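All remarks here apply to the structure that follows.
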Amino acid sequence: MNRRVGFAHGISGLMVLALLGGAATLAAASEDSKVAHPAPTASARLAPARFAPAAGWQVRMGRAHACVGVSASRCSQATTVASTTRFRDCLECLPHRTVAAMHAQDIAIKVTVAIEHPLRTKRTFAWPPRVVRRAAVGPFEGLPARIGVYQGATLVGSREVFVFIVFGRAVPTDRQLRRVNAELQRARFG
């Protein structure tokens with residue numbers, strides 16, 4: 001017998017055995033459940049951050065979806081916004097319309113939770129972050145100079161968490177900082 005034919009025959013035999021073994025496993029599983037369930041996707045396991053109800057805050061929660069430009073199995077994300085004024089923009093957008101309507105005392109907190117394979121973010125701070133005045137910067141890419149922005153990214157368990165906070169003034173007041181830090185303390189991850 002030709003060695004090459006024997007090698008090919010041996011590989012195909014292994015493949016047939018593997019397929020038969022897989023079929024037997026599937027048959028046994030379907031006998032138990034009678035219903036075949038697809039494996040959960042990353043977006044099915046991902047839940048947006050949840051803010052506990054608090055006086056003066058409005059919350060909008062998005063749904064888990066694939067990150068822009070990739071499949072959900074590669075990267076899924078969900079965004080939540082808590083704000084002291086109505087959030088007028090899409091959850092994933094830079095908040096131009098919200099900022100235009102903000103008063104000096106207003107705040108908008110955007111928290112995006114993502115599961116990405118492979119992980120791209122490193123743990124840079126413990127959750128929740130402690131926002132301090134010197135961490136708020138302005139002006140920020142396309143936003144008016146009167147607006148202060150804080151942003152950060154870290155790992156919380158296996159989730160990548162991105163925080164983007166907009167203050168109605170370039171330098172947040174002590175009251176704004178207390179409110180932001182209290183709201184971040186109330187944020188929970190599914």
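Cβ separations smaller than 7 Å between residues 6+ apart or across chains give the following pairs from the stretch 78-98 residues that are among the aliphatic types (A, V, I, L, M) to residues that are in a loop (DSSP other than H, G, I, E, B) and surrounded by 20 or more Cβ atoms within 10 Å (Cβ to Cβ): 78/46; 78/48; 78/64; 81/87. Of the candidates 171, 180, 156, the single residue that is touching a residue at least 12 places away in the same chain (Cβ under 8 Å), of a type in the set (A, V, I, L, M) and closer than 26 Å to residue 68 by Cα is 156.
Against the numbered list (1) assigned to a loop (DSSP other than H, G, I, E, B); (2) free of Cβ contacts under 8 Å to residues at least 40 places away in the same chain; (3) of a type in the set (A, V, I, L, M), residue 143 comes up short only at (2). When 74, 97, 123 are screened for being surrounded by fewer than 21 Cβ atoms within 10 Å (Cβ to Cβ) and under 21 Å from residue 170 (Cβ atoms), only 97 passes. Consider the stretch 71-97 and keep the residues that are out of contact with any Lys or Arg (no Cβ under 9 Å at 6 or more places or on another chain) and among the basic types (Lys, Arg). The one that is farthest from residue 162 (Cα to Cα) is 86.
Restricting the stretch 34-91 to residues that are closer than 23 Å to residue 119 by Cβ and among the basic types (Lys, Arg), the residue that is modelled with the lowest pLDDT is 45.
The values are calculated or read from the model by the stated rules, or taken from the named source; none is laboratory data. Remember, it's a predicted structure, so these values are computed and weren't measured experimentally. Glycine gets a Cβ as well: all are built from the backbone with ideal geometry, and neighbour counts include every protein chain shown.
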